[in-house]
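Asks: My questions will all concern the structure given below.
The values are calculated or read from the model by the stated rules, or taken from the named source; none is laboratory data. The model shown is predicted, which means the values in this text are computed figures rather than measured ones. Note: accessible area is taken over every heavy atom of the protein model, side chains too, but ligands, DNA and RNA are not part of it. Shrake-Rupley method; radii C 1.70, N 1.55, O 1.52, S 1.80 Å.
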Amino acid sequence: MGNDSMDMNDNNGDNNDMNGDDTNGDDTNDDNTPAIYQGNFVSAAHETSGVAQVNEDHTILNLNNFMTSNGPIVEVYLATDLTVSDYISLGELQGIDGNYSYNLPPNVDFENYKYVIIWCVEFSVNFGYAILE
C-alpha cells in the first residue's frame, strides 16, 4: 500500500545534464530553463497509450492522445517505481479517451517521481504507465 507522500525534496526537477554540451540545442537552453519531462504510455494490465508531458513550469501534467480501459476508482499517480511503494495521487482519472490535464503539487522531484501510473485503487492494478524523461 502506497502513501500519498507530498514530502518533496528541495529538488525542482533540475536538469542533470551538466556536461555543458549544447551542440544540438534540443534540450538545453540555459541554466534557468526548466526541463520538460515526457514519456509514452506502455500497457500493463490493460491496453493504455498516449503521451504524458509536464509543462515548462512543472505545474501541469498533460495526458495527450490518451487511451485506457475504464475501471472502478482509477487514479493518476506519480510514483518512484512501478509497485507504487511511494506515490503522489493526482486525482481520479478524468476520462479514458482524449486529452486531460492534472495540477501538480509544487517542487516535485521528477528525477525521483518519474513514473506516471494509471492505477486501479480498488484492485491495486497498474493499467499502464509512462516514464518521464
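Asks: Run the accessible area of the stretch 66-130 with a 1.4 Å probe and give the carbon-and-sulfur part as a rounded percent.
Replies: 45
Asks: Run the numbers on the stretch 28-133 and let me know its relative contact order in percent, using alpha-carbon pairs under 8 Å that are six or more apart.
Replies: It rounds to 32 percent for the stretch 28-133.
Asks: Still on this structure, I have one more. So who's got an amide H within less than 5 Å of the one on TYR37, skipping anything under 5 residues away but keeping other chains? H placed 1.01 Å off N, in plane.
Replies: Those qualifying (amide H under 5 Å, at least 5 residues apart or on another chain) are VAL54.
Asks: For the stretch 53-133, with every protein chain kept in place, what is the accessible area per residue (1.4 Å probe, Å²)?
Replies: Result: 45 Å² of accessible area for each residue.
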